[in-house]
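Chemist: The structure is given below, and queries will be raised subsequently.
The values are calculated or read from the model by the stated rules, or taken from the named source; none is laboratory data. Note that the structure is predicted; figures quoted are calculated from it, not measured. We place every Cβ from the backbone using ideal geometry, glycine too, and count neighbours over all the protein chains shown. Note: areas computed on protein heavy atoms with side chains; ligands, DNA, RNA excluded. Shrake-Rupley method; radii C 1.70, N 1.55, O 1.52, S 1.80 Å.
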Amino acid sequence: MMTTLSPTSRAATRGWSDITIRNLFVIPTVAFLIIFNVFPLLYSLGFSFTDFRASSKDAANFVGLQNYADILADPVIWRSFATTLWYVIVSVSGQFVVGFGLALLLNRPIPGKGLLTTLLLLPMMLSPVVVGLFWKLIYDPSWGILNYALGLGKTAWLTDANLALYAVAITDIWMWSPFVMLLSLAGLSAVPKHLYEAASIDRASKLYTFFRVTLPLVAPILLIAVIFRTMEAFKTFDIAFVMTGQPQAELISSRLYKMAFAQWQTGPASALAYIVLIMVLCITNIYVKYLNKAKER
Amino acid sequence: MRRALRGAAAGDRGRPWERSLLLVPAMRDIVSRTSRENDRPPKLGRAFGRFAAVKAPGKEEGLRLVPHLPAVGSARGRTIMRTATKGMLAGLGLMLASSTSVLAQELTILWAEWDPANYLQELVNAYQAETGVTVTVETVPWPDFQTKAFTEFNAQGSAYDLVVGDSQWLGAGSTGGHYVDLTEFVKTHNLTTTMAPATMQFYSEYPGGSGTYWSVPLEGDAVGWAYRKDWFEDPTEMANFKAKYGYDLGVPKDLKQLVDIAEFFHRPAENRYGAAVYTQVPGDAITMGAETFIFSYGGSLGDYANYKVTGLLNSKESAEGLEDYKKLYTYGPPGWGNAFFAEVNTAIAQGQVAMGMNFFAFFPSLLNEATNPQAKNMGFFANPPGPRGDDFAALGGQGISLVSYSQNKDEAMKFLEWLVKDETQKKWAELGGYTAAAAILESDEFQNATPYNKAFFETMFKVRDFWALPEYAELLDEGQQGFYDYVVNGNGTAQEALDKLAATWVESLKAAGYPAE
């Protein structure tokens, strides 16, 4: 139902024009964004071209693109980038498979569906730090339940250089698959039933129907879920920070945190933050292009 | 004043906000005058008028405040307004003045969240009782401690008057202008002779050997060892050990023996392991453990005064020490690649390990049966010397520094004067704090007070520390990664790991502007 503002409405009688009301809502928000988002963003961009250290009283010296060059030549940072990229691939694809699979299972009449859906959503309602600490106990090689349940002996999930990253990714998949499931369910429930009926009349197989009817129609919303999760996975810090200190599993956010707040290399840390920002924007743009194509189809 | 107010209020004190306005003399004047005129209890609303039933055009009749103040612009009205304004300003000034004087009677100390901070709060309660100055110990969890402190320093904030900062912060704290120079204070109170020499050198002096001091040693600490006395004294174990190694099982006389003992007790099939050592990467854990072995094997982390690393960090002695540290790691519980003080104490409490490396500050909980079922079986010893007699231990602990941005510097200096008194240091030790006062450390009373105090006393005279440059955090991060890569991940040899780390540190020191090698 559409509501229209009558000339005798309270605002009109007080003499507030539509523009005034609009400004009342918009100006505080824009001011907030400028003060707390845009200004720090530009300020840190300035820092990224200096040797500024927040822990020092020395004035910042302009160093041009030196910070960017140093970062791009640093093998430790490249290792963190490679680790992060692999983590994003493993984590997001895992969440996609598990989340979409759960959505397909729940997109049919089953008893207790509401309760089951609610229970499945619980992990993403928890704090990432709490989740990390729980899983740290689960992974414990001496008395963790995972090794016991799977009969894996004393597997050191979080300290083994080859396993630590996957252990963190599994935790992330457990936590965020419900998010993908939720969006997928919304997409699946929006697929018109008559398309399935038409496919059935045409004697299309279930696999054919899935690939030709379900997937194309759900693709845009799935891509949105993937965009969100990719951006979040790229920025993962809390879970990994709490769970493991293994340098081979160090994500770029952890490296950034160390540079910015443990070592107080404010200038180089700002440069690294901008490199990460540009990378995330590039990846997101690729997804958005696919999203637009999927919408057009 | 309260009595006068109560008198003016004549038994009806009005609402809280009204009472607060009565603090302003002009308001009191109006209230009392109106009260006399109306012969009514002087609620503020009544002072300005009276409530009456009024019917506004187009609205229902209702109660409204009908003012009976003089007309705006009249001579009486202007006088009252002037008096009221003056009075309000005077009252405001009085409130501000009194609030400032209250603030001056408070001191805030920033420290990490751990037991010694609680002991300090108990200690400073006595100072409050003596002087009336409230001292609050504000704590931050260890992982955020450095970040929190330096964020406040960088903002030049005055939230903290004193900070109990890590020894490695000295460079950043002093050169960054965050700490007040306490050299005169140290000289006046003769702290270089009354405190254990190593504590003044590492907790207070920067640059090394400069004679400039930035803190007062507060919580002395260093790496020591806890062990299972019942396992060590078991006749069967003793016989088996002697048969295997050719000497008696007991508190190790050197680090080679310590490695032997760890190997002997390492029995994964029985869920029993040799030793729990520091391995964690975030923070400084693995460096503290590794440097203890490097120092004691005759190696070094570098020449701190001349910024030299090559040939010192990657000497044969350093490599030998690091190799044996790795051996100890392999005799630890499974997945022991992310361990610091909490994990070590947990492994001991769970009866998993024969020995555990830890800072002395974490030993009290091992004697508490509520937190350690093995409490009755615990023994403690100082880090033993290396194979060639070099006898060192990694330094922990902190000194207390005066923050440059404090607005209560005089009061904070008075507090420090109280803190360094012998009786205060004694009380500090009794509460559980690790004093650095040499006379107390040397006393029998202190050494016999707990099973680990004697080991602590022995250790505090042989401590060595990490680099304390303003760029220490970068060197530490590189050290953590380098040590971990060899000790836990098992990449390359100890010599290769140290060669690589030495080259990295040389580059970092050059980049920071120190004289190149």
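Chemist: Looking at B:Thr175, B:Thr212, B:Thr236, which is the one that is in contact (Cβ under 8 Å) with a residue 12 or more places away in the chain, surrounded by fewer than 17 Cβ atoms within 10 Å (Cβ to Cβ) and β-branched (Val, Ile, Thr)? Give the steps one after another, and end with the answer.
Modeler: Working: B:Thr175 fails: surrounded by fewer than 17 Cβ atoms within 10 Å (Cβ to Cβ); B:Thr236 fails: in contact (Cβ under 8 Å) with a residue 12 or more places away in the chain.
The unique qualifying residue is B:Thr212.
Chemist: Pairs needed: first member in region B:344-361, more than 14 Å from chain A (Cβ to nearest Cβ); second member anywhere, in a loop (DSSP other than H, G, I, E, B) and among the β-branched types (Val, Ile, Thr); C-beta distance under 6 Å; at least 6 residues apart or different chains.
Modeler: B:Met357/B:Val277
Chemist: In region B:269-301, which residues are open to solvent by 10 Å² or more (accessible area, probe 1.4 Å), more than 14 Å from chain A (Cβ to nearest Cβ) and touching a residue at least 60 places away in the same chain (Cβ under 8 Å)? If you could, list the steps in order and put the result at the bottom.
Modeler: Just the residues of region B:269-301 that are open to solvent by 10 Å² or more (accessible area, probe 1.4 Å), to begin with: B:269-272, B:280, B:282-284, B:298, B:300.
Still in the list and also more than 14 Å from chain A (Cβ to nearest Cβ): B:298, B:300.
Within region B:269-301, B:Gly298 is the sole residue that qualifies.
Chemist: What number goes with the only condition from (1) in contact (Cβ under 8 Å) with a residue 12 or more places away in the chain; (2) within 18 Å of B:Ala305 (Cα to Cα); (3) buried (at least 19 other Cβ atoms within 10 Å of the Cβ) that B:Gln201 does not pass?
Modeler: Going through the list (1) in contact (Cβ under 8 Å) with a residue 12 or more places away in the chain; (2) within 18 Å of B:Ala305 (Cα to Cα); (3) buried (at least 19 other Cβ atoms within 10 Å of the Cβ), B:Gln201 breaks only (1).
Chemist: I've got another one for you. State whether the residues of region A:23-38 include one that is out of contact with any Leu (no Cβ under 7 Å at 6 or more places or on another chain), within 14 Å of chain B (Cβ to nearest Cβ) and of a type outside the set (S, T, N, Q).
Modeler: Within region A:23-38, not a single residue is out of contact with any Leu (no Cβ under 7 Å at 6 or more places or on another chain), within 14 Å of chain B (Cβ to nearest Cβ) and of a type outside the set (S, T, N, Q).
Chemist: Hey, which of the helices (runs of 4 or more DSSP H) in region B:187-240, taking only ones fully inside, have at least 3 residues that are closer than 30 Å to B:Asn372 by Cβ? Quick ask: steps written out before the conclusion?
Modeler: Numbers: elements: B:191-194, B:197-203, B:229-232.
Those helices (runs of 4 or more DSSP H) span B:197-203, B:229-232.
Chemist: Quick one: would you say B:Ala112 is open to solvent by less than 50 Å² (accessible area, probe 1.4 Å) and at pLDDT 90 or above?
Modeler: Values: open to solvent by less than 50 Å² (accessible area, probe 1.4 Å): yes; at pLDDT 90 or above: yes.
Criteria met by B:Ala112.
Chemist: Still on this model: Output the number of residues of region B:213-227 satisfying the condition of being over 20 Å from B:Ala438 (Cβ atoms) and out of contact with any Leu (no Cβ under 9 Å at 6 or more places or on another chain).
Modeler: So the answer is 1.
Chemist: Pairs needed: first member in region A:155-169, facing chain B (nearest Cβ under 10 Å); second member anywhere, open to solvent by 40 Å² or more (accessible area, probe 1.4 Å); C-beta distance under 6 Å; at least 6 residues apart or different chains.
Modeler: A:Trp157/A:Leu163; A:Ala161/A:Gln248
Chemist: I've got another one for you. Looking at region A:147-177 only, could you name the residues that are part of a helix (DSSP H, G or I) and among the aliphatic types (A, V, I, L, M)? Break it down stepwise before answering.
Modeler: Filtering region A:147-177 for residues part of a helix (DSSP H, G or I) gives A:147-150, A:164-177.
Those that are part of a helix (DSSP H, G or I) and among the aliphatic types (A, V, I, L, M): A:Ala149, A:Leu150, A:Ala164, A:Leu165, A:Ala167, A:Val168, A:Ala169, A:Ile170, A:Ile173, A:Met175.
Chemist: Kindly indicate the residue of region B:135-162 that is part of a strand (DSSP E or B) and not polar (S, T, N, Q) and also nearest to the other protein chains (Cβ to nearest Cβ) among those meeting that condition.
Modeler: The first filter runs over region B:135-162 and keeps only residues part of a strand (DSSP E or B), leaving B:135-140, B:162.
Add one more test, that the residue is not polar (S, T, N, Q), and what stays is B:135, B:137-138, B:140, B:162.
On the way: B:Val135: 27, B:Val137: 23, B:Glu138: 19, B:Val140: 13, B:Leu162: 19 Å.
Ranking the qualifying residues of region B:135-162, first place goes to B:Val140.
Chemist: For region A:186-209, state whether one or more residues are among the acidic types (Asp, Glu) and free of Cβ contacts under 8 Å to residues at least 24 places away in the same chain. I'd like the intermediate steps shown before the answer.
Modeler: If we filter region A:186-209 for residues that are among the acidic types (Asp, Glu), which is where we start, we get A:197, A:202.
Restricting the remaining residues to those that are free of Cβ contacts under 8 Å to residues at least 24 places away in the same chain gives A:197, A:202.
Yes; the residues of region A:186-209 include at least one that is among the acidic types (Asp, Glu) and free of Cβ contacts under 8 Å to residues at least 24 places away in the same chain.
Chemist: Any idea which residue in region B:178-197 is least open to solvent (accessible area, probe 1.4 Å), counting only those that are over 18 Å from B:Ala436 (Cα atoms) and either touching a Cys at 6+ places or on another chain (Cβ under 7 Å) or away from chain A (no Cβ under 13 Å) (or both)?
Modeler: Keep residues of region B:178-197 that are over 18 Å from B:Ala436 (Cα atoms), which gives B:178-181, B:184.
Keeping just the survivors that are either touching a Cys at 6+ places or on another chain (Cβ under 7 Å) or away from chain A (no Cβ under 13 Å) (or both) gives B:180-181, B:184.
Working: B:Val180: 34, B:Asp181: 82, B:Glu184: 124 Å².
If we take residues in region B:178-197 being over 18 Å from B:Ala436 (Cα atoms) and either touching a Cys at 6+ places or on another chain (Cβ under 7 Å) or away from chain A (no Cβ under 13 Å) (or both), then B:Val180 is least open to solvent (accessible area, probe 1.4 Å).
Chemist: Can you pull out the residues in region A:211-235 that are closer than 23 Å to A:Thr83 by Cβ and in a helix (DSSP H, G or I)?
Modeler: Going through region A:211-235, the residues closer than 23 Å to A:Thr83 by Cβ turn out to be A:226-235.
Those that are closer than 23 Å to A:Thr83 by Cβ and in a helix (DSSP H, G or I): A:Val226, A:Ile227, A:Phe228, A:Arg229, A:Thr230, A:Met231, A:Glu232, A:Ala233, A:Phe234.
Chemist: So, one more: Out of all the residues in region B:312-328, is one or more in contact with a Phe, Trp or Tyr (Cβ under 9 Å, 6 or more places away or on another chain), within 14 Å of chain A (Cβ to nearest Cβ) and not in a helix (DSSP H, G or I)?
Modeler: Within region B:312-328, not a single residue is in contact with a Phe, Trp or Tyr (Cβ under 9 Å, 6 or more places away or on another chain), within 14 Å of chain A (Cβ to nearest Cβ) and not in a helix (DSSP H, G or I).
Chemist: Which of the residues belonging to region A:255-286 are more than 17 Å from A:Leu72 (Cα to Cα), within 14 Å of another protein chain (Cβ to nearest Cβ) and of a type in the set (S, T, N, Q)?
Modeler: A:Gln263
Chemist: Take the residues in region A:238-254 that are more than 10 Å from chain B (Cβ to nearest Cβ) and more than 15 Å from A:Trp86 (Cα to Cα); name whichever of them is surrounded by the most Cβ atoms within 10 Å (Cβ to Cβ).
Modeler: Restricting to residues being more than 10 Å from chain B (Cβ to nearest Cβ) and more than 15 Å from A:Trp86 (Cα to Cα), the top hit is A:Ile239.
Chemist: For region A:63-132, please list each of the helices (runs of 4 or more DSSP H) lying entirely inside it that holds at least 3 residues being in contact (Cβ under 8 Å) with a residue 60 or more places away in the chain, of a type outside the set (Lys, Arg) and farther than 26 Å from A:Gln265 by Cα.
Modeler: Values: elements: A:66-72, A:75-106, A:113-121.
It comes to A:75-106, A:113-121.
Chemist: Can you tell me which residues in region A:89-139 are farther than 26 Å from A:Asp238 by Cα and open to solvent by 70 Å² or more (accessible area, probe 1.4 Å)?
Modeler: The answer is A:Leu105, A:Arg108, A:Pro109, A:Pro111, A:Lys113, A:Leu115, A:Leu116.
Chemist: Quick check, is B:Val281 part of a helix (DSSP H, G or I) and more than 30 Å from B:Leu419 (Cβ to Cβ)?
Modeler: Values: part of a helix (DSSP H, G or I): no; more than 30 Å from B:Leu419 (Cβ to Cβ): yes.
It is false that B:Val281 is part of a helix (DSSP H, G or I) and more than 30 Å from B:Leu419 (Cβ to Cβ).
Chemist: Could I ask something else about it? Picking from B:Ala412, B:Ala473, which residue would you name as being farther than 26 Å from B:Lys308 by Cα and open to solvent by less than 60 Å² (accessible area, probe 1.4 Å)? Give the derivation first.
Modeler: Numbers: B:Ala473 fails: farther than 26 Å from B:Lys308 by Cα.
Of the residues listed, the single one that is farther than 26 Å from B:Lys308 by Cα and open to solvent by less than 60 Å² (accessible area, probe 1.4 Å) is B:Ala412.
Chemist: For region B:482-501, which positions are surrounded by fewer than 23 Cβ atoms within 10 Å (Cβ to Cβ), not acidic (Asp, Glu) and not in a loop (DSSP other than H, G, I, E, B)? First the steps, then the outcome.
Modeler: Our first condition is that a residue be surrounded by fewer than 23 Cβ atoms within 10 Å (Cβ to Cβ); within region B:482-501, this holds for B:485, B:489-493, B:495-496, B:499-500.
Still in the list and also not acidic (Asp, Glu): B:489-493, B:495, B:500.
Answer for region B:482-501, where residues must be surrounded by fewer than 23 Cβ atoms within 10 Å (Cβ to Cβ), not acidic (Asp, Glu) and not in a loop (DSSP other than H, G, I, E, B): B:Gln495, B:Lys500.
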